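The block underneath contains the structure these notes are about, expressed in structure tokens.
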Amino acid sequence: MSVTVRFAPSPTGRIHAGNIRTALLNWLFARKMGGRLLLRLDDTDRERSTEEFARGIEEDLRWLGIDWANEVRQSDRFDLYDAAVEALKREGRLYPAYETPEELELKRKRQLARGRPPVYDRAALKLTPEDRSRLKAEGRKAHWRFKLESRDVVWDDLVRGRQPVDAASLSDPVLVRADGTYLYTLPSVVDDIDLGITHVIRGEDHVVNTAPQIQLFEALGAATPAFGHHSLLVGADGQALSKRDRALSIQGAREEGIEALAVASYVATLGTSDPVAPHANLDELVQSFDFTKLSRAPARFDPAELRALNARLLHMLPFSAVAARLSAMGIGGGEVFWEAVRGNLAVLGDAKHWWRVAQGPLAPVIEDRDLCRMAAGLLPPEHWDQATWSAWSSAVKAATGAKGKALFQPLRLALTGEEHGPELKHLLPLIGRRRAAARLEGNTA
């Protein structure tokens, strides 16, 4: 069987880390199984869905390296949903109900007060044709409920194991609102059938939907896909993630300078038995992917932990992985510069600072003027390499008697203007003799 999975976001906002977790797990599974991922935009909410958000979702996925074989939009597929509704009506599985939201809420409160589960009582099934005519004459419009069969529904969840649900304990779900619009369940199942989805991988907040959906697949004469429900990500405070929290959005991470591989590495391994660690490429994540590694406990997404992982990733990346982007930022120096500074970067954009330190102009910080002037006079002729720093600082030490921090800190401040940074044995050849001499004399260079 060829594996086909889908990622189905709603274009009502930009996607956040929780959405990306679902997208990544689907993509990783499809890649590992030699299958394909489909992108389905659930845009039936016409008031909140926008083209801008749709384009933004696609942009975020591409940035992360997630590709898809095909894209569909639910707003283009209403004919399919209409046909499914008519088929369900003919089979007697879809029935009209006329209760108002206020009446349904009152029923729920009464049932709870009596210690009963708030399950819909199917009063609409007892209505006679005359009752329906009267309700219509009163101006009431029907919503349509899917009649569940009172039996156990069992599936082997890819993450949670065997899941039995007694459908008799559930309310018949509303598939069509009174205004004729569709709720999530019907379009989702119809699309999964039409698109040949073999595995539905999604958050555990959808577990409650699965038993009715399985019966809906069956009622429409279709094979049921396999289901896997992964645990949800929560924020560092333990609260649910929100599309409105920019610190947790993919767009926000990208604008902050976080690497796509850092986001993928973090989100894909968070809440698994694998350590949270940087990965050099997505193929590594594909090879290590396994549903059995997923924990059922919620995992905390901490932006500070992501930033730390991002730094670890940069520290291990070879020059070839960043060469084009450094060039686009106007940074030269090649591999020598990258090897010198990568261990001091939190985001790649920090490299621009160290390129200015190396190439100037830079206003030096003179802490010990006499030592710096003596050091300037001891600068050896070029060509400089990594051995130059050791030979030169040794000469300064011998000439001044300064050692340890009293020697190295004034030199670092004069040469870089910073108390900390890359090793001077790497930076000094990049700074060069002319700039080094000027800075040690207290001049901007």
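The values are calculated or read from the model by the stated rules, or taken from the named source; none is laboratory data. As the structure is a computational prediction, the values presented were derived from the model and not from experiment. Note that we place each Cβ from the backbone using ideal geometry, even for glycine, and neighbour counts take in every protein chain shown. Calculation scope for accessible area: heavy atoms of the full protein, side chains included, ligands and nucleic acids excluded. Shrake-Rupley method; radii C 1.70, N 1.55, O 1.52, S 1.80 Å.
Table for the structure above
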item: Boolean, GLY442 is touching a residue at least 12 places away in the same chain (Cβ under 8 Å), part of a loop (DSSP other than H, G, I, E, B), at positive phi and surrounded by fewer than 19 Cβ atoms within 10 Å (Cβ to Cβ); result: yes
item: Any hit, the stretch 366-388, residues being surrounded by fewer than 19 Cβ atoms within 10 Å (Cβ to Cβ) and in contact with an Asp or Glu (Cβ under 7 Å, 6 or more places away or on another chain); result: yes
item: Within the stretch 141-205, strands (runs of 3 or more DSSP E) holding 1 or more residues that are within 34 Å of the chain's Cα centre (by Cα) and surrounded by fewer than 18 Cβ atoms within 10 Å (Cβ to Cβ); result: 152-157, 161-166, 199-203
item: Of residues in the stretch 394-439 being without any contact (Cβ under 8 Å) to a residue 40 or more places away in the chain and within 20 Å of VAL336 (Cβ to Cβ), the one farthest from the chain's Cα centre (by Cα); result: ARG434
item: Index of the failed condition, ARG134 passing every other in (1) open to solvent by 40 Å² or more (accessible area, probe 1.4 Å); (2) assigned to a loop (DSSP other than H, G, I, E, B); result: (2)
item: Test result for ALA23, at pLDDT below 95, small (Gly, Ala, Ser), closer than 23 Å to PRO298 by Cβ and open to solvent by less than 10 Å² (accessible area, probe 1.4 Å); result: no
item: Residue satisfying condition, being assigned to a helix (DSSP H, G or I) and under 24 Å from GLU423 (Cα atoms), within set VAL263, VAL341, VAL286, VAL267; result: VAL341
item: Qualifying positions in the stretch 23-47 - assigned to a loop (DSSP other than H, G, I, E, B) and either under 20 Å from ALA264 (Cα atoms) or touching a Gly at 6+ places or on another chain (Cβ under 6 Å) (or both); result: MET33, GLY34, GLY35
item: Subset tally (residues that are under 16 Å from LEU424 (Cα atoms), surrounded by fewer than 15 Cβ atoms within 10 Å (Cβ to Cβ) and in contact with a helix residue (DSSP H, G or I) (Cβ under 9 Å, 6 or more places away or on another chain)) for the stretch 354-365; result: 0
item: Long-range neighbours under 6 Å by Cβ, at least six apart or interchain, first residue among the hydroxyl-bearing types (Ser, Thr, Tyr) within the stretch 169-195, second surrounded by fewer than 16 Cβ atoms within 10 Å (Cβ to Cβ); result: SER171/VAL119
item: Sole exception among (1) open to solvent by less than 60 Å² (accessible area, probe 1.4 Å); (2) within 30 Å of ALA84 (Cβ to Cβ) for GLY221, by number; result: (1)
item: Residue pairs meeting the criteria (Cβ under 7 Å; at least 6 apart or on separate chains; first open to solvent by less than 70 Å² (accessible area, probe 1.4 Å), in the stretch 115-129; second in a loop (DSSP other than H, G, I, E, B) and at pLDDT 95 or above); result: VAL119/LEU170; VAL119/SER171; TYR120/SER171; TYR120/ASP172; ARG122/ASP172; ALA124/TYR98
item: Test set (1) within 24 Å of VAL357 (Cβ to Cβ); (2) open to solvent by 30 Å² or more (accessible area, probe 1.4 Å) - LEU317 fails condition number; result: (2)
item: Residue check, GLU339 under 21 Å from GLY432 (Cβ atoms), touching a residue at least 40 places away in the same chain (Cβ under 8 Å), open to solvent by 20 Å² or more (accessible area, probe 1.4 Å) and charged (D, E, K, R); result: yes
item: Residue satisfying all of: in the stretch 50-83; part of a helix (DSSP H, G or I) and of a type in the set (Ser, Thr, Tyr); surrounded by the most Cβ atoms within 10 Å (Cβ to Cβ) among these; result: TYR81
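Each row is one residue, and each column tells you yes or no for (1) aromatic (Phe, Trp, Tyr); (2) open to solvent by 10 Å² or more (accessible area, probe 1.4 Å); (3) without any contact (Cβ under 8 Å) to a residue 12 or more places away in the chain.
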| position | (1), (2), (3) |
| --- | --- |
| GLY271 | no, yes, no |
| GLU284 | no, yes, yes |
| ASP290 | no, yes, yes |
| LEU309 | no, no, no |
